[in-house]
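To start, the structure itself, in structure tokens.
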Number of protein chains: 2
Amino acid sequence: MIMKYKTVIVDDHPIVISGISGLLSDLDNIEIVEKFESGIALLDYIEDNKVDLILMDIFLPVINGVDLCKTIKQKHPRIVIIGMSSQSERSLVMQFIQNGGNGYILKNASFDEFKECIYKAIDGEIVFSEEVKTIISQPLSEDLERIPGLSRRERDIALLLSQGKSTQEIADDLFLSFLTVQTHRRNILQKYKMKNVAELIAFLLKNNMLN
Amino acid sequence: MIMKYKTVIVDDHPIVISGISGLLSDLDNIEIVEKFESGIALLDYIEDNKVDLILMDIFLPVINGVDLCKTIKQKHPRIVIIGMSSQSERSLVMQFIQNGGNGYILKNASFDEFKECIYKAIDGEIVFSEEVKTIISQPLSEDLERIPGLSRRERDIALLLSQGKSTQEIADDLFLSFLTVQTHRRNILQKYKMKNVAELIAFLLKNNMLN
DNA sequence: GCGGCAATACCTGATAAAATGTATTTTTTA
DNA sequence: TAAAAAATACATTTTATCAGGTATTGCCGC
């Protein structure tokens with residue numbers, strides 16, 4: 001008798017679970033042992049059951065896939081975990097891999113891509129579907145890379161700026177001198193080479209640097 | 001012999017197509033005649049083939065589901081079209097229905113919900129999955145409702161503002177008088193009761209009103 | 001214990017934006 | 001086709017921002 005990889009699927013979309021099930025049923029050495037619509041149920045399950053491979057959606061309710069992966073890998077480093085999502089960004093994929101993920105597949109991948117990735121992942125490789133490769137390889141040299149973060153105070157001030165507060169109002173809110181706030185504003189603008197607050201706010205929001 | 005509803009699935013995610021196929025194969029009077037990963041291929045197909053029901057993803061490459069629905073309904077008003085997406089907003093669903101869509105299902109709906117919606121839709125009802133109902137019913141009285149849109153010119157100017165352009169630069173870019181741009185700026189700020197451009201840009205971006 | 005960073009604070013001149021009021025033309029739509 | 005909405009333009013006053021340079025204090029890591 002052949003040893004089959006005990007596989008769990010986690011996705012909050014029933015039809016996606018169904019689709020992946022169908023796909024995996026073609027693969028001889030994969031056995032789907034459970035399907036979950038949330039990460040919490042999965043965490044319970046792996047405590048009491050042997051699992052070799054997990055296919056998980058990244059955008060899950062309650063606990064997201066990136067955190068879920070980290071939690072699982074801390075206790076069960078040998079479980080192979082592949083992340084999936086419909087759209088994605090470089091930083092998200094990188095964080096997932098950094099948290100121990102063994103691969104990342106975009107849901108628009110073909111069946112063959114899915115299968116190949118899964119096989120390679122259980123062989124120990126870190127795998128990415130084609131479009132993910134494009135996403136993570138592209139913006140290496142660009143300015144998108146290595147953007148310095150806001151300091152605590154700068155973030156506070158940027159947040160209040162995005163709420164339409166004036167320098168004086170921010171100073172009052174934070175019990176600072178008008179001049180201090182002015183300095184922070186200038187520093188932020190200079191740091192990102194922005195012409196004015198409007199451009200700054202657009203930049204910060206697009207890069208999820210506020211909140 | 002029973003007449004079966006000739007059904008087409010459009011989704012750019014192969015696994016979703018597979019999932020829906022599996023689901024629909026349970027239904028006696030539904031026959032899946034084709035599957036597409038883009039709207040263009042679908043438009044070609046329906047010119048030469050009889051189709052009764054279309055299940056389509058809203059977020060498709062090249063042409064989105066909302067526009068696709070409109071195009072199809074203009075030529076083939078009798079085809080029943082059900083929209084699907086992972087996440088959604090009120091305005092998107094409403095626009096889809098206004099364009100002739102016969103229903104809208106969130107992809108996190110259960111199999112039973114899917115089946116029920118499909119049956120009701122081919123019976124002539126306008127159907128929504130549970131979560132969609134919640135989305136479209138909730139924010140009726142709230143301020144979230146009835147936010148007036150930007151006019152074309154206003155959108156142009158707001159976009160340039162988000163790029164850090166000054167009034168004079170915008171005037172030069174759009175071949176307008178400095179004073180005209182000033183008036184537009186004022187009108188936009190007044191329309192949304194924003195204190196300054198920073199707050200405005202934050203507001204517009206959070207509500208996906210730029211681009 | 002020193003260098004660097006973050007946070008605080010100050011001064012000033014030039015420039016830009018915000019608030020107010022008005023008015024004409026064009027385009028859209030009911 | 002008449003009414004409404006959008007786009008255009010002008011003038012003025014007040015207020016805020018931007019950009020330049022400077023400086024002190026506290027904290028963290030090497």
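The values are calculated or read from the model by the stated rules, or taken from the named source; none is laboratory data. Just so you know, these numbers come straight off a predicted model, no measurement behind them. Neighbour counts are summed over all protein chains in view; Cβ atoms, including those assigned to glycine, are modelled from backbone coordinates with ideal geometry. For accessibility, only protein heavy atoms count, side chains too; no ligands or nucleic acids. Shrake-Rupley method; radii C 1.70, N 1.55, O 1.52, S 1.80 Å.
Descriptive notes on the structure:
- Test: B:PRO77 is within 14 Å of another protein chain (Cβ to nearest Cβ) and either of a type outside the set (S, T, N, Q) or surrounded by fewer than 20 Cβ atoms within 10 Å (Cβ to Cβ) (or both): no
- Output for the stretch B:2-16, where each listed residue is open to solvent by 10 Å² or more (accessible area, probe 1.4 Å), in contact with a helix residue (DSSP H, G or I) (Cβ under 7 Å, 6 or more places away or on another chain) and within 16 Å of B:ILE82 (Cβ to Cβ): B:TYR5
- Some residue of the stretch B:177-186 being at pLDDT below 90, in contact with a Leu (Cβ under 9 Å, 6 or more places away or on another chain) and either within 16 Å of A:GLY164 (Cα to Cα) or more than 8 Å from DNA strand C (Cβ to nearest atom) (or both): no
- Yes/no for B:ASP12 being acidic (Asp, Glu), within 14 Å of chain A (Cβ to nearest Cβ) and closer than 15 Å to B:PRO61 by Cα: yes
- Per the listing B:ILE81, B:ILE17, B:ILE40, the residue uniquely closer than 17 Å to B:ILE122 by Cα and among the aliphatic types (A, V, I, L, M) is B:ILE81.
- Among the residues of the stretch B:32-53, the ones that are surrounded by 15 or more Cβ atoms within 10 Å (Cβ to Cβ), over 28 Å from A:ILE9 (Cα atoms) and either facing another protein chain (nearest Cβ under 10 Å) or not small (Gly, Ala, Ser) (or both) come to 8 in all.
- In the stretch B:149-162, the residues that are within 10 Å of DNA strand C (Cβ to nearest atom) and away from chain A (no Cβ under 11 Å): B:SER151, B:ARG152
- Residues in the stretch A:163-198 that are away from every other protein chain (no Cβ under 14 Å), more than 9 Å from DNA strand D (Cβ to nearest atom) and surrounded by fewer than 14 Cβ atoms within 10 Å (Cβ to Cβ) were compared, and the one that is nearest to B:LEU200 (Cα to Cα) is A:ASP172.
- Selection status of B:ILE201, in a helix (DSSP H, G or I), within 11 Å of another protein chain (Cβ to nearest Cβ), within 29 Å of A:LEU210 (Cβ to Cβ) and at pLDDT 90 or above: yes
To keep it simple, each residue is scored yes or no on (1) assigned to a helix (DSSP H, G or I); (2) in contact with a strand residue (DSSP E or B) (Cβ under 9 Å, 6 or more places away or on another chain); (3) open to solvent by 50 Å² or more (accessible area, probe 1.4 Å).
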site: B:ILE81; (1), (2), (3): no, yes, no
site: B:VAL93; (1), (2), (3): yes, yes, no
site: B:ILE97; (1), (2), (3): yes, yes, no
site: B:GLY100; (1), (2), (3): no, yes, no
site: B:TYR104; (1), (2), (3): no, yes, no
site: B:ALA109; (1), (2), (3): no, yes, no
site: B:GLU116; (1), (2), (3): yes, yes, yes
site: B:LYS120; (1), (2), (3): yes, yes, yes
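- Every pair of residues 6+ apart whose Cβ atoms lie under 6 Å, when the first sits in the stretch A:119-144 and is modelled with pLDDT under 75 while the second is among the hydrophobic types (A, V, I, L, M, F, W, C): A:ILE136/A:VAL93
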